Amino acid sequence: MATPILTLTTDFGQADHYVASMKGVMLGICPQAQIVDISHEVKPYAIGDAAYLIAQTYPCFPKGTIHVVVVDPGVGSSRRPIIVEQAGQFFVGPDNGVFGMLYDEAEKVRTITATQYFHKPVSNTFHGRDIFAPIAAQLAAGIVPRQLGEMTTDFCRPEFAKPIQGSDGMWRGVVLHIDRFGNVVTSFRGRTLVMNSPNFALVIGDKTIDRFVNTYSDAKPGELVAMAGSSGYLEISMNQASAAAQLKCAPMDAAALRL
Amino acid sequence: MATPILTLTTDFGQADHYVASMKGVMLGICPQAQIVDISHEVKPYAIGDAAYLIAQTYPCFPKGTIHVVVVDPGVGSSRRPIIVEQAGQFFVGPDNGVFGMLYDEAEKVRTITATQYFHKPVSNTFHGRDIFAPIAAQLAAGIVPRQLGEMTTDFCRPEFAKPIQGSDGMWRGVVLHIDRFGNVVTSFRGRTLVMNSPNFALVIGDKTIDRFVNTYSDAKPGELVAMAGSSGYLEISMNQASAAAQLKCAPMDAAALRL
Amino acid sequence: MATPILTLTTDFGQADHYVASMKGVMLGICPQAQIVDISHEVKPYAIGDAAYLIAQTYPCFPKGTIHVVVVDPGVGSSRRPIIVEQAGQFFVGPDNGVFGMLYDEAEKVRTITATQYFHKPVSNTFHGRDIFAPIAAQLAAGIVPRQLGEMTTDFCRPEFAKPIQGSDGMWRGVVLHIDRFGNVVTSFRGRTLVMNSPNFALVIGDKTIDRFVNTYSDAKPGELVAMAGSSGYLEISMNQASAAAQLKCAPMDAAALRL
């Protein structure tokens, strides 16, 4: 039998025992699983950050991989646990938008209702351990999605996944992610549009960035510039310095684009 | 054969190569083991922090799991290496109190004397690599505890595991852990006692906390409150802010409780 | 078949998805591999830091282990990807000196030319995912080095691996690594020489350290001292304080030794 692969993306950090508790539950159900950490340093509650990380990473994993994402400010409320099937891979987590950047009209989404597989007693505060970890491990152990819940078309399609044009012509989006080097990834695509727009500007907080460059070294010292990152999104960067520190911004902050 | 599971809890951090050195030794002995990190961000030398983390986490792991804990300010001194059997799981580490919150009168504790399994030469400073990692991996590979040393009843039962009442009626304990969000976990249990005590107060440093609430949102902005955390211990928290930063406290700092 | 072991050492940090992307590619090729993180907190671009960490760690791993090191400021330039065979283990990464502390005249070095195994399309910026991860995983899956490229004797032997004596008699080296506790590891060996030298001094920045001690506790409060660390290199330390913070130094900074 093939080795099942499970990945984890959370905002739990690495100092506490929360991630290990999830892994313990998983290994109790599927001891031979490969468990890979994607990131546990998602900014707390930053759904868009998690959505970005999982959308960027899953294409590197083989078919059949099961990805668990737990960034869940609504834990204990009425938001539902879901399983998404997409491109031959599986995604388990809360229906709050963390999978919002995967949806391409071919996805299958199910509401998880198979409470018999939950880790009991189910707490109000730690569904990562009590619902998402055991359900993902059951998938790894051979249970198929239709045994875990019914298909639904009523699931969360978050706004941050698709910028919206305001009546003033500006596009409204968000900061998705800030990487180790302080590069600020926005939710805007459209490299070609930007390069051809004489009025291009990106606005975050009280700062306006209106120069688009192709490489870091095209930026002057201390200058904030826009680039088309390897992510496919517009990023704001500095040459050998942290754009995020300069902008004083964080994931889920508002961003605007003028074309 | 079932896949053996090994966990690691240390104060080594993740920037250096110490944890990987332990894993290399383990995999040389038991290549098919599942190795799970619980935390390597235990505050250096904070035995109570490690004791708290392992006690909170092990119930999520299946029977037969082998947990290695290396927070070892006395490395190279006369403190002995031990194996604890408890609830069908195994715990390997120094006899300095790191397992102090597991003991329930049913534990079996052995002094490790099987030097033939040590990683040679045994250094004075890195028993994690030279003693605890290889012994744990031998257990994972099928050696049984009685081949590793004799049972003992003379082992460390740390004070922090059990608060002590002073002559002034105050209970003396410690800060066990500070989580990612700055919640301060104390070594006091007793939710019911606290809720029914009109004179309740928790004292850490020069701060006194005398309000007990049920949820974070019951705290006013900037207010330090006591809660019964999911850990089972009394915790000091703030609403969307770091209680630890406000209290300027760290694991193993003294805490006092008035009932 | 034995479980293949792969290790990873990078300067990618743990907040982003870069390390997980590499693991996804590896597991697509060799799902049963054991993947061990050595460190992802190498100071960005600090080749000497990575060289130090892998040289210190690999002796703990069993024969056949495959180590991937990606600290690669020259990614996309003409520096070549290589495989090193040394002491029965394998090392995959850029030919920029990251393996410079392994070479002992018995090493076999090959230039990787087997582009058919690369992850396509090969990006200009992420050879970790596109070249090093898949090549290492192919080795883990059973491909032998001679199928991946020709032997070469023209490879990078970095200066930091071997201090150089200047015309003034001073030895020139670097800071290799700074550990969690702020101990500063230099590229100088020679404990015996140092102990017998009446004129001994280590110079980093504007600070001169001329006292050699055997243990941390021999240092006075606030005093910078030299010690022979467990690494085999001269280290600069303080008693319960960070020597690195006092010296304001970082990996790859210049260091000088007078004997």
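Tabulated data for the structure shown
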read-out: Residues satisfying the stated conditions in the range C:61-80, i.e. in contact with a strand residue (DSSP E or B) (Cβ under 6 Å, 6 or more places away or on another chain) and surrounded by 22 or more Cβ atoms within 10 Å (Cβ to Cβ); value: C:Thr65, C:Ile66, C:His67, C:Val68, C:Val69, C:Val70, C:Asp72
read-out: Flag for A:Val42 being touching a Lys or Arg at 6+ places or on another chain (Cβ under 6 Å), within 11 Å of chain C (Cβ to nearest Cβ), outside any helix (DSSP H, G or I) and crowded, with 19+ Cβ neighbours inside 10 Å; value: no
read-out: Selection count where residues are more than 17 Å from the chain's Cα centre (by Cα) and either modelled with pLDDT under 90 or assigned to a strand (DSSP E or B) (or both), scope the range A:226-258; value: 13
read-out: Positions within the range B:222-232 being out of contact with any helix residue (DSSP H, G or I) (no Cβ under 8 Å at 6 or more places or on another chain), closer than 21 Å to B:Tyr52 by Cβ and surrounded by 16 or more Cβ atoms within 10 Å (Cβ to Cβ), in sequence order; value: B:Gly229
read-out: Output for the range C:12-39, where each listed residue is assigned to a loop (DSSP other than H, G, I, E, B), open to solvent by less than 10 Å² (accessible area, probe 1.4 Å) and either closer than 20 Å to C:Gln86 by Cα or facing chain A (nearest Cβ under 9 Å) (or both); value: C:Gly13, C:Asp16, C:Ala33
read-out: Within the range B:45-55, tally of residues that are open to solvent by less than 40 Å² (accessible area, probe 1.4 Å) and away from chain A (no Cβ under 13 Å); value: 2
read-out: Output for the range C:106-142, where each listed residue is among the β-branched types (Val, Ile, Thr), touching a helix residue (DSSP H, G or I) at 6+ places or on another chain (Cβ under 8 Å) and either on the phi > 0 side of the Ramachandran plot or open to solvent by less than 30 Å² (accessible area, probe 1.4 Å) (or both); value: C:Ile112, C:Ile135
read-out: Failed condition for C:Tyr58, given (1) touching a strand residue (DSSP E or B) at 6+ places or on another chain (Cβ under 8 Å); (2) within 14 Å of chain A (Cβ to nearest Cβ); value: (2)
read-out: Filter pass, A:Ala219 being more than 30 Å from A:Ser78 (Cβ to Cβ), open to solvent by less than 100 Å² (accessible area, probe 1.4 Å), of a type in the set (A, V, I, L, M) and without any contact (Cβ under 8 Å) to a residue 40 or more places away in the chain; value: yes
read-out: Among residues of the range B:84-120, those that are among the β-branched types (Val, Ile, Thr), within 30 Å of C:Tyr216 (Cα to Cα) and more than 15 Å from the chain's Cα centre (by Cα), counted; value: 4
read-out: Condition check for A:Val70: aliphatic (A, V, I, L, M) and either in contact with a Phe, Trp or Tyr (Cβ under 9 Å, 6 or more places away or on another chain) or in contact (Cβ under 8 Å) with a residue 24 or more places away in the chain (or both); value: yes
read-out: Number of positions in the range B:81-104 that are touching a residue at least 60 places away in the same chain (Cβ under 8 Å) and among the small types (Gly, Ala, Ser); value: 2
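The values are calculated or read from the model by the stated rules, or taken from the named source; none is laboratory data. This structure is a prediction, so every number in the text was calculated from the model and none was measured. Don't worry about glycine lacking a Cβ; one is built from the backbone with ideal geometry, like all the others, and counts go over all protein chains shown. For accessibility, only protein heavy atoms count, side chains too; no ligands or nucleic acids. Shrake-Rupley method; radii C 1.70, N 1.55, O 1.52, S 1.80 Å.
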